[in-house]
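Okay, structure first, notes after.
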Amino acid sequence: MTALSPPLQAPEAIDITALTTAARLLVALDFDGVIAPLQDDPSTSTPVAESATAVEALAALPGTAVGYISGRDVAALKDLSRAPARALFVGSHGVEQDFTGLAAGGPAGAPATTSAGSPDPNDPFRYSAAPDAGERALLERLDAEFERITEATPATGYGELRIERKPLGATFHTRGCSPERAEFFTAELRRFASAHPELRSLTGHDMVEFGVRMHTKGDGLDTMIERAQATAALYIGDDTTDEDAFAHLADRQDSGFPGLSIRVGTADTRAQARLGSTDDVAAFLTRLSRERAAHVGG
Ligand SMILES: [Mg+2]
């Protein structure tokens with residue numbers, strides 16, 4: 001077995017000096033696989049209790065903002081994360097944004113932003129610009145593709161292809177399917193992706209996502225850093241789609257912006273550090289909130 005690079009570290013072993021001492025810190029977190037253990041049914045995801053407590057403690061500290069950056073749509077993310085009112089959200093891999101948490105008393109030292117008021121919960125595009133005609137046609141194409149692949153499901157094996165519709169895309173999940181079915185679905189989805197380069201496609205844990213806009217979690221992290229007026233940032237993710245955020249943060253670090261990127265799990269990564277599990281993330285965030293509180297006062 002080859003050694004992991006970066007190596008797995010204990011939550012207390014990672015150097016967090018740049019985070020604890022920052023004037024305005026952004027703690028940016030992926031949700032699934034980082035704060036909540038991965039579930040076969042994504043609608044049942046729940047934060048690890050210790051992480052939820054640490055997120056709340058961090059968000060209450062002076063000069064500290066907390067944000068979630070997820071592939072999920074913002075509405076689902078808000079429901080599942082049980083995040084504090086001050087939390088910021090980027091959903092659908094960067095396409096959707098909700099920064100009203102800044103107006104709820106965000107990081108000390110950052111000017112209050114004006115809120116557009118509560119968005120209409122019946123408007124599916126309340127966190128993004130509505131799709132144009134071309135984008136709407138692509139969304140319909142995704143539905144048609146889901147029908148086509150579902151009808152072609154092999155008779156052998158078990159498990160169904162599931163679709164999670166998002167305001168500007170759709171995610172196709174193969175989690176819980178037998179290997180032969182998962183392989184069939186994935187091959188069909190890959191074929192569809194290569195035939196439609198106008199769709200942004202991302203492959204993650206047992207899923208393929210298609211978006212009608214070309215945003216990534218890296219774009220979402222950039223916007224969140226700017227809106228929070230952060231002078232340093234942490235990003236923790238567990239999936240291939242988080243690599244874009246690690247890369248954007250590394251670019252900033254190359255020009256002197258203090259940051260720390262952490263990947264959860266054992267896959268190849270360009271993150272600087274690695275943690276083993278959602279429980280390790282909980283211990284890490286608890287330590288960060290304690291040490292930052294000691295620095296900035298709680
Ligand atoms: Mg994840």
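Values for this structure:
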quantity: Footprinting exposure proxy for 205, 93 (fewest neighbouring C-beta atoms within 10 Å first); calculated: 205, 93
quantity: Sites residue 3 and residue 50, calculated FRET efficiency, Cβ-Cβ separation with R0 25 Å, nearest 0.05; calculated: 0.30
quantity: Estimated dipole of the chain in Debye, rounded to 20 [Cβ of Lys and Arg +1, of Asp and Glu -1, Cα centre]; calculated: 700
quantity: Cα long-axis angle, helix 133-151 against the chain (0 to 90 degrees, to the nearest 10); calculated: 60
quantity: Within segment 258-279, backbone nitrogen closer than 13 Å to the virtual label 7 Å beyond the Cα of residue 23 toward Cβ; calculated: 258
quantity: Rounded to 10°, Cα long-axis angle of helix 217-227 versus longest principal axis of the chain; calculated: 30
quantity: Over segment 133-211, relative contact order from alpha-carbon pairs under 8 Å, at least 6 apart, %; calculated: 28
quantity: 0 to 90° range, to nearest 10: angle between helix 243-254 axis and the chain longest Cα axis; calculated: 30
quantity: Footprinting exposure proxy for 277, 178, 255 (fewest neighbouring C-beta atoms within 10 Å first); calculated: 255, 178, 277
quantity: Length gained when the stretch residue 165-residue 195 is fully extended (0.36 nm per residue, less Cα-Cα span); calculated: 8.7 nm
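Taken together, the values in this text are just the output of simple stated rules run on the coordinates, not laboratory data. Remember, it's a predicted structure, so these values are computed and weren't measured experimentally. Counting neighbours? That spans all protein chains shown, and the Cβs are built from the backbone with ideal geometry, glycine included.
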